[in-house]
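Notes for the one structure printed next.
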Amino acid sequence: MKDSKKKLAELREALLALHKTLVDSERATYEETFGPIPSPGQFLQLLTTDPWFGWLHPLSELIVTMDQAMDEKEPLTDKAAQALIAQARQMLKATETGDGFSKHYYEALQRDPDVVLAHGKAVRLFAAGKKGE
């Protein structure tokens with residue numbers, strides 16, 4: 001069980017880095033379209049309420065769910081850790097068609113090499129997890 005919790009913690013860190021990279025990328029694209037965001041407070045407001053950034057919310061929520069699972073009083077079960085890892089694996093499947101997270105994620109991967117690098121770090125953890133299981 002400790003191994004699964006460790007894998008989940010490593011994945012959480014990679015997802016957090018990916019999330020920051022996606023936020024930075026979306027901010028740059030937003031500012032190219034609408035002009036500079038005048039203050040950190042206004043950016044936070046946009047990040048949490050503007051539909052432009054809304055597609056990022058599922059990733060934010062998954063990271064929070066991981067945090068909560070790892071902070072529970074009861075030890076995290078291997079099954080619960082594996083379920084969260086599987087959810088992340090599914091979420092990071094970008095698609096060219098459709099809508100929602102996977103389509104926007106595909107677009108971010110196409111336009112920003114930093115997103116590709118952060119994605120690669122997260123997906124490598126899936127591959128490492130399969131070898132170790």
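Quick notes on this structure:
- Here the label points at Asp99 and Glu61, each 7 Å from Cα along the C-beta direction, are separated by 1.6 nm in the simple model.
- Candidate aspartates and glutamates - alpha carbon under 12 Å from Lys6, same-chain residues fewer than 8 apart omitted: Asp78
- Positive-end residue, segment 1-108 charge dipole about Cα centroid, Cβ charges, pick of Ile37, Ile85, Trp55: Ile85
- Pairs of lysine residues in segment 7-106 that meet both criteria, 8 or more places apart or on different chains and Cα atoms under 22 Å apart, total 8.
- Where only DSSP H runs of four or more residues are counted, the chain gives -26500 deg cm²/dmol as its mean residue ellipticity at 222 nm, each run worth -39500 (n - 2.57).
- With the simple spin-label model, which puts each label point 7 Å out from Cα in the Cβ direction, the Glu10 to Thr29 separation comes to 3.0 nm.
- Taking the Cα atoms of segment 59-133, the ratio Rg/Rh between the radius of gyration and the Kirkwood radius comes to 1.02.
- Stretching the chain fully between Gln45 and Val123 yields a gain of 25.1 nm (0.36 nm per residue, less the alpha carbon separation).
- Nitroxide proxy distance, nm - points 7 Å out along Cα→Cβ at Tyr106 and Met91: 2.0 nm
- Volume per residue of the C-alpha convex hull in the chain, rounded to whole Å³: 111 Å³
- Taking other C-beta atoms within 10 angstrom as a stand-in for reagent exposure, Asp24, Asp99 fall in the order Asp99, Asp24, fewest first.
- Ranked by how many other Cβ atoms sit within 10 Å of their own Cβ, fewest first, the residues Arg111, Arg89, Arg12 fall in the order Arg111, Arg89, Arg12.
- For segment 15-22, backbone phi angles converted through the Karplus equation (6.51, -1.76, 1.60; θ = phi - 60°) give residue-by-residue couplings of 5, 5, 5, 4, 4, 4, 5, 5 Hz, Gly and Pro being listed as x.
Read the figures in this text as sums done on the coordinates, not as results from a lab. These numbers come from a predicted model, not from an experiment. So basically every Cβ, Gly included, is an ideal-geometry build from the backbone, and we count neighbours across all protein chains shown.
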